[in-house]
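Engineer: Structure below; questions to follow.
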Amino acid sequence: MLKVESLRQSLLALNPDIEVQALAEKVSGSRLDELVKHHDLILDCSDNFPTRHAINQACFQQGKPLVSGAAIKMDGQICVFDFRQSDSACYHCLFPEGDEVEETRCATMGVFAPLVGVIGCLQAAEALKLITAAGNTLHERLILFNIASQHWHEVRIAKDPGCAVCGAETQL
Ligand SMILES: [Zn+2]
């Protein structure tokens, strides 16, 4: 079964009163922009840098809040970029595209299953907080979590003035 269909059925089993639209398609460019434009909030649960950068760019351009989560082996991370706030840092400020970043994917490296649950729950919490304007979100804060040691670490994310996506020189 397609992941999106499995998710749709699980969500409807939890709450039959909601409406779930499952799209089983690879999106990029104008189609990605269009989808982001018509939603209030984006959660990036992808497993590769090109997708994360494309989603970051679309969210920045459309001024939508982005909840980014990732997990690999025993390490997880989560951060929020609320592009409704002017002068927000972005994912590209944190992980510039083109850097020599080793692409580690769950498909090849594996991931400790409960870690995905932890990061997913944190993303859900941030999504609810963003929608309801409750509490303080992880806007411009990166949480790094190692489940092997149960160590949590927080890093403030600074906007990169020279960022190719959100930097001053790229603004029109
Ligand atoms: Zn940026």
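The values are calculated or read from the model by the stated rules, or taken from the named source; none is laboratory data. Nothing here was measured: the structure is a model prediction, and the numbers come from that model. To get the accessible areas, we keep the full protein, side chains included, count just its heavy atoms, and leave off ligands, DNA and RNA. Shrake-Rupley method; radii C 1.70, N 1.55, O 1.52, S 1.80 Å.
Engineer: Just to confirm, what accessible area per residue do you get for the chain at 1.4 Å probe, in whole Å²?
Structural biologist: With the other protein chains kept in place, the chain gives 61 Å² per residue.
Engineer: Classify region 51-147 as rounded, prolate or oblate from the Cα gyration tensor: take a ≥ b ≥ c as the square roots of its eigenvalues, call it rounded if a/c is under 1.5, otherwise prolate when a/b beats b/c and oblate if not.
Structural biologist: Oblate shape, in that a/c is at least 1.5 and b/c is the bigger or equal ratio.
Engineer: How large a share of the accessible area of region 10-130, in percent, is made up of carbon and sulfur atoms when the probe is 1.4 Å and the other protein chains stay in place?
Structural biologist: In region 10-130, the share of accessible area belonging to carbon and sulfur is 53 percent.
Engineer: Give the cross-link partners of Lys26 among the lysines, using a straight C-alpha distance below 18 Å as the criterion and excluding same-chain residues fewer than 8 apart.
Structural biologist: Lys3, Lys37
Engineer: Step by step: find N for region 50-89, compute 2.2 N^0.38 Å, then divide the Cα radius of gyration by it. What's the final number?
Structural biologist: Computed over Cα atoms of region 50-89, the ratio equals 1.26.
Engineer: How much accessible surface does Cys45 have with a 1.4 Å probe, in Å² rounded to 10?
Structural biologist: 100 Å²
Engineer: Next up: State the Cα centre-to-centre distance between region 111-172 and region 41-58 in whole Å.
Structural biologist: 13 Å
Engineer: Something else: As a test question: what accessible area, to the nearest 10 Å², does Ile119 have when a 1.4 Å probe is rolled over all protein chains in place?
Structural biologist: Solvent-accessible area, nearest 10 Å²: 10 Å².
Engineer: For the chain, restrict the atom set to alpha-carbon positions and state the Rg and Dmax in Å.
Structural biologist: That works out to 16.2, 48 Å for Rg and Dmax.
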